[in-house]
Amino acid sequence: MHEISDEGLGQARITPRLIESLYTEAMLLADEARAYFDREGREERGQLDPFVRVGFACESLKVTTRIMHIVAWLLTQRAVESGEIPHTDGRRPERRLGHASDSDTSVVAQLPPAAQRLVNASADLYARVKRLDEESVQATPAPSPARALMGRLERDLLWQRSS
């Protein structure tokens, strides 16, 4: 998987190349998770204690949820970059990265190594995308009252001309 280091991510700008890289990583992780939890993981899950089996199921759902939120956010970023969605709409609360629950480290420690790797990889990817999401909102300048007034004046002027 392609990874972006935690160092320097604070200064990372959301670019089409970064979006594509993260999207590729998310889709590869989704494919790995599906293959594991649908096939190989079933055998390993069957060998676990009942309590750990429940934890295994919960953690597999958390992995899926994280990946779904990441992919949805990345698709929104693609739409913003391509002009399909205005920048301001792309930063609306419903278009931001969805909430995903943290994993329980004591449960994860009891899972098979392949499951642990998928849980940790999804949590890592989610954390990196979450930082980008938060930074993109913080980087959005506050609306200027002067610009808002200019916009209203321009609209009023256009309205008067058309009347």
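Check region 141-159 and report whether any residue there is closer than 16 Å to ILE19 by Cβ and either open to solvent by 70 Å² or more (accessible area, probe 1.4 Å) or touching an Asp or Glu at 6+ places or on another chain (Cβ under 9 Å) (or both).
No: region 141-159 contains no residue that is closer than 16 Å to ILE19 by Cβ and either open to solvent by 70 Å² or more (accessible area, probe 1.4 Å) or touching an Asp or Glu at 6+ places or on another chain (Cβ under 9 Å) (or both).
Consider THR105 against the criteria (1) open to solvent by 90 Å² or more (accessible area, probe 1.4 Å); (2) within 17 Å of LEU75 (Cβ to Cβ); (3) modelled with pLDDT of 95 or more: it satisfies all of them except one. Which criterion is unmet?
(2)
Give the number of residues within region 24-38 that are open to solvent by 50 Å² or more (accessible area, probe 1.4 Å) and in contact (Cβ under 8 Å) with a residue 12 or more places away in the chain.
Summing the residues that are open to solvent by 50 Å² or more (accessible area, probe 1.4 Å) and in contact (Cβ under 8 Å) with a residue 12 or more places away in the chain in region 24-38 gives 4.
In region 47-62, what residues are aromatic (Phe, Trp, Tyr) and touching a residue at least 12 places away in the same chain (Cβ under 8 Å)?
The answer is PHE56, and nothing else.
What do you reckon, is ALA79 at pLDDT 75 or above and hydrophobic (A, V, I, L, M, F, W, C)?
So ALA79 passes the test.
Between SER82, SER106, which is out of contact with any helix residue (DSSP H, G or I) (no Cβ under 6 Å at 6 or more places or on another chain) and closer than 24 Å to LEU28 by Cα?
Just one listed residue meets the conditions, SER82.
Please go through region 39-69 and give me each residue that is more than 13 Å from VAL119 (Cα to Cα) and either open to solvent by less than 80 Å² (accessible area, probe 1.4 Å) or in contact with a helix residue (DSSP H, G or I) (Cβ under 8 Å, 6 or more places away or on another chain) (or both), ordered by number.
Answer for region 39-69, where residues must be more than 13 Å from VAL119 (Cα to Cα) and either open to solvent by less than 80 Å² (accessible area, probe 1.4 Å) or in contact with a helix residue (DSSP H, G or I) (Cβ under 8 Å, 6 or more places away or on another chain) (or both): GLU40, GLU44, ARG45, GLY46, LEU48, VAL52, ARG53, HIS69.
Hey, any hits in region 111-129 for a residue that's under 26 Å from MET27 (Cα atoms), touching a residue at least 24 places away in the same chain (Cβ under 8 Å), basic (Lys, Arg) and open to solvent by 50 Å² or more (accessible area, probe 1.4 Å)?
No, region 111-129 has no match at all.
The values are calculated or read from the model by the stated rules, or taken from the named source; none is laboratory data. What you see is a predicted model, and the numbers here were worked out from it, not measured in a lab. A quick note on method: Cβ atoms are made from the backbone with ideal geometry, for glycine too, and the neighbour counts reach across all protein chains shown. Just so you know, the surface numbers come from the protein's heavy atoms only, side chains and all, with ligands and any DNA or RNA stripped out. Shrake-Rupley method; radii C 1.70, N 1.55, O 1.52, S 1.80 Å.
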